Amino acid sequence: MPEGKIVKALSGFYYVLTADGKITQCRGRGVFRKNKITPLVGDSVVFQAENDQEGYIMDVLPRKNELVRPPIANIDQAILVFSAMEPEFSTVLLDRFLVLIESKGVSPLICISKMDLLDEDAKLLGFADYYRSIGYEVLLTSTKEPEQLKEILPYLKEKSSVIAGQSGVGKSSLLNVLRPELELKTDNISSHLGRGKHTTRHVELMEINNGFVADTPGFSSLEFLEMEAEDVKDCFPEFVEKSHDCKFRGCTHLKEPKCAVKAAVEKEEIASYRYKHYVSFVEEIKDRKPRY
Ligand SMILES: Nc1nc2c(ncn2[C@@H]2O[C@H](COP(=O)(O)OP(=O)(O)OP(=O)(O)O)[C@@H](O)[C@H]2O)c(=O)[nH]1
Ligand SMILES: [Zn+2]
């Protein structure tokens, strides 16, 4: 039986893309409902279809991860859009997004938009350098320079990405710059699916530069609902690197003596604001009311 990837889900139908570029409209097997299996956009599935008729999804292959909003599976990368201004750049919000994304096993690409609105960019460039120094890719963009925005394209290759960020940071503007190429490439598929003829909200993976990008922004909930306090430290890559020198294995870098992370903060090798954010996230999770 053929395998494919669900690229769109709408009104009980799943649109399954196979390696030959064909899309087959499928329904889920009846037994899925009984077993509470809900296929998601992004799922790799096994399906059955006879001579180009409507098919049935027979099996959903194991997921690497899944997001709730938007409902999507097997995401490799989150493009975190933060504006330099309007709304103003916030390291605490960026660190929140980074922790949530790291905890889902998704790798972040930081994109700082609206660079054209800054008169004095020294402070922001300092932040960009810090995040680069701890292993993140940081792109500085402006819609005033669409060519430069296209530097994002190589990062999309062979990955499934979601775009995330606060309202107004420029997520749609970014997608619009990336889209022309997409419309050229997937013109047949779009007309086949009747894109634009319906207004129902749905999630769809768009093929861009040999990768997929979700057309609906992700990570709209920024609460650490599914996280435990002791997991937060693993979402700060520069802490993980230093933690090998902490005296205690499993050191949480809070009250333990001979903590290499706290020592690195003292020596300003780790940014003190990052450590402060860490402590506040851990407290927030510990204060969370238990859910029954
Ligand atoms: N000067 C400048 N303005 C920008 C840039 N990117 C986006 N904008 C403007 O910022 C505003 C918000 O951009 P959107 O692309 O709608 O932002 P969004 O993140 O999609 O917002 P939501 O749909 O609310 O989530 C618009 O007025 C854009 O024209 C940029 O690089 N420079
Ligand atoms: Zn420690």
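Which pairs turn up if I take residues in segment 171-188 that are away from ligand 2 (no atom under 16 Å from the Cβ) and look for partners that are modelled with pLDDT under 80 with beta carbon separation below 8 Å, at least 6 apart in sequence or on another chain?
Lys171/Pro217; Glu183/Ser190
Yes or no: segment 178-197 includes at least one residue that is within 14 Å of ligand 1 (Cβ to nearest atom), at pLDDT below 75 and either assigned to a strand (DSSP E or B) or surrounded by fewer than 11 Cβ atoms within 10 Å (Cβ to Cβ) (or both). Walk me through how you get there before you give the answer.
Kept after step one, since they are within 14 Å of ligand 1 (Cβ to nearest atom), are these residues of segment 178-197: 178-179.
With the extra rule that they be at pLDDT below 75, the set shrinks to 179.
Subset that is either assigned to a strand (DSSP E or B) or surrounded by fewer than 11 Cβ atoms within 10 Å (Cβ to Cβ) (or both): none.
Taking every residue of segment 178-197 in turn, none turns out to be within 14 Å of ligand 1 (Cβ to nearest atom), at pLDDT below 75 and either assigned to a strand (DSSP E or B) or surrounded by fewer than 11 Cβ atoms within 10 Å (Cβ to Cβ) (or both).
Condition check: away from ligand 2 (no atom under 16 Å from the Cβ), part of a loop (DSSP other than H, G, I, E, B) and assigned by TED's automatic domain parsing to the domain that holds Leu205. Does Glu151 satisfy that? Can you show your working first?
Working: away from ligand 2 (no atom under 16 Å from the Cβ): yes; part of a loop (DSSP other than H, G, I, E, B): no; assigned by TED's automatic domain parsing to the domain that holds Leu205: yes.
So Glu151 does not fit the description; no.
Sort out which residues of segment 237-262 are outside any helix (DSSP H, G or I) and either within 16 Å of ligand 1 (Cβ to nearest atom) or surrounded by 13 or more Cβ atoms within 10 Å (Cβ to Cβ) (or both), and write them in order of number.
Here is the first cut: in segment 237-262, the residues outside any helix (DSSP H, G or I) are 244-259.
Once the filter is applied, which keeps residues that are outside any helix (DSSP H, G or I) and either within 16 Å of ligand 1 (Cβ to nearest atom) or surrounded by 13 or more Cβ atoms within 10 Å (Cβ to Cβ) (or both), segment 237-262 yields Asp245, Cys246, Cys251, Thr252, His253, Leu254, Glu256, Cys259.
What is the number of the single condition among (1) within 16 Å of ligand 2 (Cβ to nearest atom); (2) closer than 30 Å to Lys159 by Cα; (3) surrounded by fewer than 20 Cβ atoms within 10 Å (Cβ to Cβ) that Ser221 does not meet?
(1)
Consider only pairs whose beta carbons are under 7 Å apart and that are at least six residues apart or on different chains; among these, list those whose first residue lies in segment 135-156 and is in contact (Cβ under 8 Å) with a residue 12 or more places away in the chain and whose second residue is of a type in the set (Lys, Arg).
Val138/Arg132; Ser142/Lys114
Filter segment 263-292 for residues that are part of a loop (DSSP other than H, G, I, E, B) and either within 21 Å of Arg132 (Cβ to Cβ) or more than 29 Å from the chain's Cα centre (by Cα) (or both); which is nearest to ligand 2 (Cβ to nearest atom)?
Our first condition is that a residue be part of a loop (DSSP other than H, G, I, E, B); within segment 263-292, this holds for 267-271, 288-292.
Next cut, either within 21 Å of Arg132 (Cβ to Cβ) or more than 29 Å from the chain's Cα centre (by Cα) (or both) only: 267-271.
Values: Lys267: 14, Glu268: 17, Glu269: 13, Ile270: 11, Ala271: 16 Å.
Checked segment 263-292; the qualifying residue nearest to ligand 2 (Cβ to nearest atom) is Ile270.
Just to be sure I understand, how many residues within segment 54-80 are aliphatic (A, V, I, L, M) and within 15 Å of Val99 (Cα to Cα)? Working first, answer last.
Applying the first criterion (aliphatic (A, V, I, L, M)) to segment 54-80 yields 57-58, 60-61, 67-68, 72-73, 75, 78-80.
Within this subset, residues satisfying the condition of being within 15 Å of Val99 (Cα to Cα) are 67, 78-80.
Total satisfying the criteria: 4.
If I filter segment 81-88 for residues that are of a type outside the set (D, E, K, R) and out of contact with any helix residue (DSSP H, G or I) (no Cβ under 6 Å at 6 or more places or on another chain), do I get at least one hit? If you could, list the steps in order and put the result at the bottom.
Keep residues of segment 81-88 that are of a type outside the set (D, E, K, R), which gives 81-85, 87.
From what is left, the residues that are out of contact with any helix residue (DSSP H, G or I) (no Cβ under 6 Å at 6 or more places or on another chain) are 83, 87.
There is at least one residue in segment 81-88 that is of a type outside the set (D, E, K, R) and out of contact with any helix residue (DSSP H, G or I) (no Cβ under 6 Å at 6 or more places or on another chain).
May I ask you to verify whether Phe239 is touching a helix residue (DSSP H, G or I) at 6+ places or on another chain (Cβ under 6 Å), modelled with pLDDT of 95 or more and aromatic (Phe, Trp, Tyr)? Don't jump to the end; show me each part of the working.
Details: touching a helix residue (DSSP H, G or I) at 6+ places or on another chain (Cβ under 6 Å): yes; modelled with pLDDT of 95 or more: yes; aromatic (Phe, Trp, Tyr): yes.
In short, yes.
Any residue in segment 31-40 that is on the phi < 0 side of the Ramachandran plot and buried (at least 19 other Cβ atoms within 10 Å of the Cβ)? Quick ask: steps written out before the conclusion?
Kept after step one, since they are on the phi < 0 side of the Ramachandran plot, are these residues of segment 31-40: 31-35, 37-40.
Next cut, buried (at least 19 other Cβ atoms within 10 Å of the Cβ) only: 39-40.
Yes: one or more hits.
Checking the condition more than 22 Å from Phe82 (Cα to Cα) and either modelled with pLDDT of 95 or more or touching a strand residue (DSSP E or B) at 6+ places or on another chain (Cβ under 8 Å) (or both), which residue from Val213, Val265 passes? Give the steps one after another, and end with the answer.
Numbers: Val213 fails: more than 22 Å from Phe82 (Cα to Cα).
After applying the criteria, what remains is Val265.
Only one of (1) touching a Pro at 6+ places or on another chain (Cβ under 6 Å); (2) loosely packed, with under 15 Cβ neighbours inside 10 Å fails for Asn65. Which number is that?
Every listed condition holds for Asn65 apart from (1).
Among the residues of segment 232-246, count how many are of a type outside the set (D, E, K, R) and touching a residue at least 60 places away in the same chain (Cβ under 8 Å). Don't jump to the end; show me each part of the working.
Within segment 232-246, the subset of a type outside the set (D, E, K, R) is 232, 235-237, 239-240, 243-244, 246.
Right, trim to touching a residue at least 60 places away in the same chain (Cβ under 8 Å) and you get 232, 235-237.
Total meeting the criteria: 4.
The values are calculated or read from the model by the stated rules, or taken from the named source; none is laboratory data. Fair warning: this is a prediction, and the values are worked out from it, not measured in the lab. Please note: Cβ atoms are built from the backbone with ideal geometry, for glycine as well, and neighbour counts cover all protein chains shown.
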